[in-house]
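One structure is given here, and the rest of the page talks about it.
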Amino acid sequence: MQGVLAVLLIALLISGCSTWQVTKVPASALTPAHKLPNRIRLELRDGKVLYLDEPRVDGDSLRGVLVPQPVEHKPAFGSKAYIAGRPTRAVALGDIATIESNRFSAPVTLVTVIGGAGLIFALFVVSASNHEW
């Protein structure tokens, strides 16, 4: 039981250090000269959400490799192998409501670490109270 809780806690701590944050440059102001993060999340004006790897501005569109599901982080084996053979997608800049990138978040990390430490302490107290000395 404690092993399962430890694995869940580690997963929580790893995922808690970053959040999706709206980029400073709106879609309407993007040019091919803008350097975009390796993975972005787009919220379209019709409410759909898309995740793109290796995005770039191409004329009046934003083009990238479509991520089929909301994956928060790239696999460890590298982006070139990961994106090979996957479909690309172009989205008109005018159809994009927001562009977000996954960035470090100090408040989320602080809450996660404090909550994780509290959970570890609670598990220790429960474990110690069940142990016959």
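The values are calculated or read from the model by the stated rules, or taken from the named source; none is laboratory data. Since the model is a prediction, treat every value here as computed from it, not as a measurement. No Cβ is skipped: glycine too gets one built from the backbone with ideal geometry, and neighbour counts run over all protein chains shown.
For the range 76-95, name all the residues that are at pLDDT below 80, out of contact with any Pro (no Cβ under 6 Å at 6 or more places or on another chain) and assigned to a helix (DSSP H, G or I). Residues satisfying the conditions are 79, 80, 81, 83. Being under 30 Å from residue 127 (Cβ atoms), at pLDDT 65 or above and either surrounded by 15 or more Cβ atoms within 10 Å (Cβ to Cβ) or among the aliphatic types (A, V, I, L, M) (or both) holds for only one residue in 112, 98, 23, and it is 112.
For the range 40-68, filtered to residues that are without any contact (Cβ under 8 Å) to a residue 24 or more places away in the chain and part of a strand (DSSP E or B), the residue that is nearest to residue 102 (Cα to Cα) is 51.
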